[in-house]
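Right, one structure below, let's go through it.
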Amino acid sequence: MGDTWAQLPWPGPPHPALLLVFFLLAAGVMHSDAGTSCPVLCTCRNQVVDCSSQRLFSVPPDLPMDTRNLSLAHNRIAAVPPGYLTCYMELRVLDLRNNSLMELPQGLFLHAKRLAHLDLSYNNLSHVPADMFREAHGLVHIDLSHNPWLRRVHPQAFQGLVHLRDLDLSYGGLAFLSLEALEGLPGLVTLQIGGNPWVCGCTMEPLLKWLRNRIQRCTA
């Protein structure tokens, strides 16, 4: 009696969808940790990324895409690459205080339309150029205090920030501040400018008059 065996039906060619999944997985397209995992030396929880006090010399790459609160405070960061914030559309709070920043690249905040709180205090910034924050028109609070080398704020540095309520320019190296830098801030409530080496001459008269009028309006 010959060997008996059952002929299994040929399953046919693989389904195109299965082939697509296979190739996507092989190419690493279906799932990638880039931009979604927590950077080394940082902690990530509830859309808050905390990389503070880690002696970082550069900003960490590939943050979670849904980051809302990013703290890079108390490090040794000297520069932020152009386009660093491009992918983080949900960012609301950026804390860069107590680093070694001397300048910020033009267009850094180009896509940070939801950014509300920005802390750049305790750095080495020397100037605030025109339109630096223009695209971040949702900013409510900017802290530029304790930048001892801050000598110049461009008259159009804060252009377009109609929602800005709090601006801290205290304890810098400012001898002069153009009134034009503040006139376009209709929502400004708190302005801190103490601790600067102001030169009180005729060039400061427009700013002083504006400040006196604002104080009278608030106390009336």
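The values are calculated or read from the model by the stated rules, or taken from the named source; none is laboratory data. Computed from a predicted model, the values in this text were never measured in an experiment. Backbone-built Cβ (ideal geometry, glycine too); neighbour counts: all protein chains shown.
Brief remarks follow.
- Among the residues examined, S121 qualifies as in contact (Cβ under 8 Å) with a residue 40 or more places away in the chain and either polar (S, T, N, Q) or in a loop (DSSP other than H, G, I, E, B) (or both).
- Of note, L144 satisfies the criterion of being under 21 Å from G194 (Cα atoms) and out of contact with any Phe, Trp or Tyr (no Cβ under 8 Å at 6 or more places or on another chain).
- Unique match (being closer than 20 Å to R92 by Cα and either without any contact (Cβ under 8 Å) to a residue 24 or more places away in the chain or not aliphatic (A, V, I, L, M) (or both)) among F176, F158: F158
- Within the range 108-145, considering residues that are surrounded by 21 or more Cβ atoms within 10 Å (Cβ to Cβ) and acidic (D, E), the one farthest from T67 (Cα to Cα): D143
- Residue among T190, T203 that alone is touching an Asp or Glu at 6+ places or on another chain (Cβ under 6 Å) and either within 21 Å of N147 (Cα to Cα) or surrounded by 12 or more Cβ atoms within 10 Å (Cβ to Cβ) (or both): T190
- In the range 62-78, the count of residues that are over 30 Å from P197 (Cα atoms), among the polar types (S, T, N, Q) and at pLDDT below 95 is zero.
- A residue that is polar (S, T, N, Q) and modelled with pLDDT under 95 occurs nowhere in the range 114-125.
Rundown of residues vs (1) within 20 Å of L174 (Cα to Cα); (2) of a type in the set (S, T, Y); (3) assigned to a loop (DSSP other than H, G, I, E, B), yes/no style:
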| position | (1), (2), (3) |
| --- | --- |
| T86 | no, yes, yes |
| E90 | no, no, yes |
| R97 | yes, no, yes |
| R114 | no, no, yes |
| M132 | yes, no, yes |
| N147 | yes, no, yes |
